[in-house]
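J.: My questions will all concern the structure given below.
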Amino acid sequence: MAEDQSHIFEKFVRAPRSLTTPVRGSGLGLYISRRFVGAMDGKLWLEHSVLNEGATFSFYLPWVEAPIEPQLD
């Protein structure tokens with residue numbers, strides 16, 4: 001399990017136990033999510049994982065001011 005955690009954000013990575021479950025995926029979800037959050041100068045990480053129960057992920061995005069839209073008349 002710990003060895004899976006070090007690679008879960010890489011492309012096409014799926015935990016070996018997930019290959020026998022009815023839920024299928026390509027192994028791209030966490031990779032894409034981390035890239036998306038990173039593109040906004042944020043961070044995505046694994047908080048904790050419990051075998052046969054699931055995992056908790058957290059993310060951080062910096063707070064920024066909304067851009068001021070010019071008024072069109």
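J.: Sticking with the crude label model, points 7 Å out along Cα→Cβ, report the distance from Ser26 to Leu61 in nm, one decimal please.
T.: 2.3
J.: Across the range 43-57, in residue order, what do the Karplus-derived ³J(HN,Hα) couplings come to in whole Hz, using 6.51 cos²θ - 1.76 cosθ + 1.60 with θ = phi - 60° and x for Gly and Pro?
T.: Taking θ as phi minus 60°, the curve returns 9, 10, 8, 8, 6, 7, 9, 10, 3, 6, 10, x, 9, 10, 10 Hz for the range 43-57.
J.: Show the residues, 5+ positions off or on another chain, whose built amide H is closer than 5 Å to the amide H of Phe57.
T.: Under 5 Å from the amide H of Phe57: Glu47.
J.: If you take the beta carbon distance between Glu69 and Val37 as r and set R0 to 35 Å, what does 1/(1 + (r/R0)^6) give as a FRET efficiency, to the nearest 0.05?
T.: On the way: r = 25 Å, r/R0 = 0.72.
Calculated value: 0.90.
J.: Could you sort the peptides 49-56, 24-31, 64-71 by per-residue average Cβ neighbour count (10 Å cutoff), highest mean leading? Present the calculation step by step, with values, prior to reporting the outcome.
T.: Values: 49-56: 10.0, 24-31: 13.2, 64-71: 5.9.
Ranking the peptides 49-56, 24-31, 64-71 by packing returns 24-31, 49-56, 64-71.
Bear in mind these aren't lab numbers, they're just calculated from the coordinates by the rules spelled out. A quick note: this is a predicted structure, and the numbers were derived from the prediction, not measured. Positions of Cβ are generated from backbone atoms using ideal geometry, with glycine treated the same way; all protein chains shown enter the neighbour counts.
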